[in-house]
Amino acid sequence: MNMKNLKMIPCTACGEPMPELRLTKFGYKVCVNCSTVGSYRAVTTTGGSGDHTWNDIQIMTPEQAKAADANAAKKPKWDRLGE
Ligand SMILES: [Zn+2]
């Protein structure tokens, strides 16, 4: 996608330009900075034991992340991906 040809419209919340596609394709009226939805989260998990461990990163949708938070017995380390 050529970003230069992307039509920009102002965010209804902060007035910053955002791609019109965000509204027409995804129905968002606000830019990524103002949006509280649609931010995917990554959780780092460690597998194995002893000398044989490895790290995995799982990407979760906001819904999955919420569910994981709700029944997390042991707290995973959450990092937020760029919003
Ligand atoms: Zn905004």
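The values are calculated or read from the model by the stated rules, or taken from the named source; none is laboratory data. Given the structure is predicted, the values throughout are model-derived calculations rather than measurements. In this analysis, Cβ positions are derived from the backbone assuming ideal geometry, glycine residues included, and neighbour counts consider all displayed protein chains.
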Complete set of residues in segment 1-24 that are at pLDDT 90 or above and more than 16 Å from the ligand (Cβ to nearest atom): Lys7, Thr24
Breaking point among (1) β-branched (Val, Ile, Thr); (2) assigned to a strand (DSSP E or B); (3) at pLDDT below 80, for Val37: (2)
